[in-house]
Each structure stands twice: as C-alpha cells, then as structure tokens.
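Reviewing the structure listed below.
The values are calculated or read from the model by the stated rules, or taken from the named source; none is laboratory data. What you see is a predicted model, and the numbers here were worked out from it, not measured in a lab. When we count neighbours, we look across all protein chains shown, and the Cβ atoms used for this are built from the backbone with ideal geometry, even at glycine.
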Amino acid sequence: MTLFWIVAAVLLALALAILLVPMWRSQNARPKGPERRDMNIAVYRSQLKELERDLENGIIDADQFEQAKEDLERSMAEDVLLAEEVPETGRRGGRSAVVAATVVVALFIPAVSVGLYQEIGGGLAAIDPEKAPPPVAADEHQEVDIEAMVAQLAARMEANPNDIEGWFMLGRSYQFLKRYEDAKAAYDNVLALGGDSNPDFLATYADVLAMLNDRQIGEDAMRYIHKALEIDPDHVKALWLAGTAGFQQGDYELTLRYWERLARVLPPGSEDANIIQSNVNALRAQLGMEPLQFAGAAGGGEARVSGVVDLDPQLKDRVSPDDTVFIFARAVDGPAMPLAILRVKVSDLPMHFTLDDSLAMSPMARLSAFPKVVVGARVSKSGNAMPSSGDLEGMSAEIQVADAAEVRVVIDRVIP
C-alpha cells in the first residue's frame, strides 16, 4: 500500500508541475477564473443534492423541484460566465492572483484526485479493506468540502482586501449557502472597490438585498436595479427583478413594461423566453389586453384556439369577482398537463381568449404538437391550478386545432 501512495504522490506532483509552471510564467496575463468556476460547480452540486433530498422527503413537489432546479441551473450558468469574463473593475491583482491560484490548484487538484478515487476507485477500501473507515454519505463529504473552500476563500480575502474578483466570488458562494448577511458584507467590499459600474454585480446585489427583506424587492434594491439598467437596458436579471418588483406591488402595467422587454431580449424559442412570454400574456389577459405574438416563439403563430368563456348564470351566486379562472387546452391523446393556459378572474367573464404556444407550461408539451384538444375553464376557489372539490368547471367538445373555429365554453358544473 505504501508503494501505491508513493507512486500516486509522484504522479500528482508531476500533474501540478505541468499546471503551475505555465501559470507562473504568464503571471502578467489576465486570470481566467478556474478556481471560481470549480467552486461554482461544487456549490451547484451541493444545492442540487439538497433539492433532491427535499423532493424525496416530500418537502417540495415535483413542479417546485423542477422550477427550483431551473433557477439553480440559470444562476449556475451566469456564474460560470462571470468566472470566465471578469468585470472591468476587477482587473487587479497581478502576482498576488497567481500566488492565490497556485495555492488553490496545489490544494484542489490533490483533494479532487483523492476524492474521485475514494468515490469511483474504492479508496482505502480497495487497497486495504480491513483498514477502511466506516462509509460516510457522499453528501456529507461534499458539504464539508464546500464550507471549507468558502472558509479558505474568506481567509484569503482577509489577506488580500483589494481583490474585487475574490470578494465577488465570496459573496456568490455565501449566496449559494443561503448566508445572505455574509453575502451582503462581501458585496459591500465590491462596492467599495468600484463594483457599482458593473450591471451583473448591481443586479446580484439587489437580489441579496431582496432576500434579506423577506424576498421583497424594496426601494434600496430598486436603486441598484435601476442603475444596472442605466448601464445595460437589456440586462436580463435586472429586467426580471424590476418586473418582479412591480408584480409584488400589484403594479401589473409596470411589470409588463419590464417583462415584455425581457421577453424580446431572451433567445427566441428558449425555455426562459417561453416562460416569460407565458407570464406576459397571462398578465395581459388579467388586464383585459390582447395577447402578444413574439418573434421566434415555438409555433406561436401557427397553432391557436380562440373563443369565449362564460359562466352559467345559475352558478353566479357560488363565486366572487376575485375568484381565479383558469382557461386551458388539453390534448385528447397526450399528456394530462395543459398545453396552454391563461389565468384570469371571474370579474373578467365573459371573456374572449386565445390559446397558443406562447402560453405553454412546458416547451415539451405545446399546442402545435397535438392535432386534437379540448378546451376547459375552471373557477378555482383556492387559486390552485389543480382541480379540487367545490371548483366550477366547463369543457368543450373535441377540437381539431388546424380547423378550429371560435370555441364557446360555459362553466356549468360543480366538481364533486
């Protein structure tokens, strides 16, 4: 076993030499951020494991899991890009950055190599099973490693207080660990070093301020959002947060102003674009406005079903004007989930509607993908999209999407 570790140590030393020698030779070059990318990936994996545990334990349902996973993947993608593309204000550090990177690589490569061997190759149990320690859950190792990495970065920042990139990465790490007070403290250092000229940082800082304010986007957070949009009017995260702030205040016209711009900035046909386009048209319907057709929406102008939804007069005493109404199309032969859905209020009835691919709940289940559908409308007393006893509902007959004329749906029965 001793011989094995000697050989392994020699190979690790050789690998480190191959990595570190070029790094020191090019110490005046701009750093590319491998340390930050690796830490992002480690934090992402830990957060994903936490979500999976919550799903298994029944803390969240499948829809909540998918939404949280999408948010996590979106944040992860932003962080990897940020690690590759450092803000202008962060081009500092020179030799100190190389020293820090050397320390991280020298510690990270052996740690990952040993960790991978323990995970994949069998570790000590494969070399000498009698001396192998009791098994410990991989998640526990991973969580400890992440905390240790963040603590190491925090210690390095104490010794290098002018490293704006390091403070930004430390703040993002604390944010992933849900240590929002610590994240704000780290970001305050970014501000002090001139980070307020970078829209990515400004939007991220506003996000943390909202988390510290019970997820509500207050005036302090809005100052940074507005400044981010002054620098970059098409900044995706800033537009999303600005629209969310309007939504939280009940100012749907303000929300539409930001989210309609966001819908046109996002890549046409992407999942994010489909989601925001659906949100936009749901809000427009709530305001009694016609839905928008977005360029590049998957099948958006090709497959649609239009008509009128009304409530049976005999059931009017069983609803209130603010009750939620869902108008939806469902495949006759296909998934149970709606292919397109609108959310309005009883006070909007009777209402002319149009359902198309821009209102899809999932890019994998769109109206244009199914030839026959039924259109339904349901009054939900709870506001929940899932039907429950006491809700009121009406359904159309089967409809050929390609030949659909105006559909009339009357909400005329009570769900038992």
Sort through 330, 343, 366, 378 and tell me the only one that's within 22 Å of the chain's Cα centre (by Cα) and either in contact (Cβ under 8 Å) with a residue 40 or more places away in the chain or more than 30 Å from residue 316 (Cβ to Cβ) (or both). 366
If I go through the stretch 354-388 residue by residue, how many of them are part of a strand (DSSP E or B), at pLDDT below 90 and crowded, with 22+ Cβ neighbours inside 10 Å? 2
Which pairs do you get when a residue that is over 14 Å from residue 150 (Cβ atoms), found in the stretch 178-191, comes within reach of a residue that is of a type in the set (Gly, Ala, Ser) and part of a helix (DSSP H, G or I), reach meaning Cβ atoms under 8 angstrom, with the pair 6+ apart or on two chains? 184/171; 187/171; 187/195; 190/171
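Rundown of residues vs (1) touching a helix residue (DSSP H, G or I) at 6+ places or on another chain (Cβ under 6 Å); (2) small (Gly, Ala, Ser); (3) closer than 25 Å to residue 278 by Cα; (4) surrounded by fewer than 18 Cβ atoms within 10 Å (Cβ to Cβ), yes/no style:
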| site | (1), (2), (3), (4) |
| --- | --- |
| 176 | yes, no, no, no |
| 187 | yes, no, no, no |
| 203 | yes, yes, yes, no |
| 207 | no, no, yes, no |
| 218 | no, yes, no, yes |
| 223 | no, no, no, yes |
| 241 | yes, no, yes, no |
All helices (runs of 4 or more DSSP H) inside the stretch 232-340 with 1 or more residues being at pLDDT 80 or above, outside the structural domain of residue 397 (by TED's automatic domain parsing) and closer than 24 Å to residue 406 by Cβ: 271-286
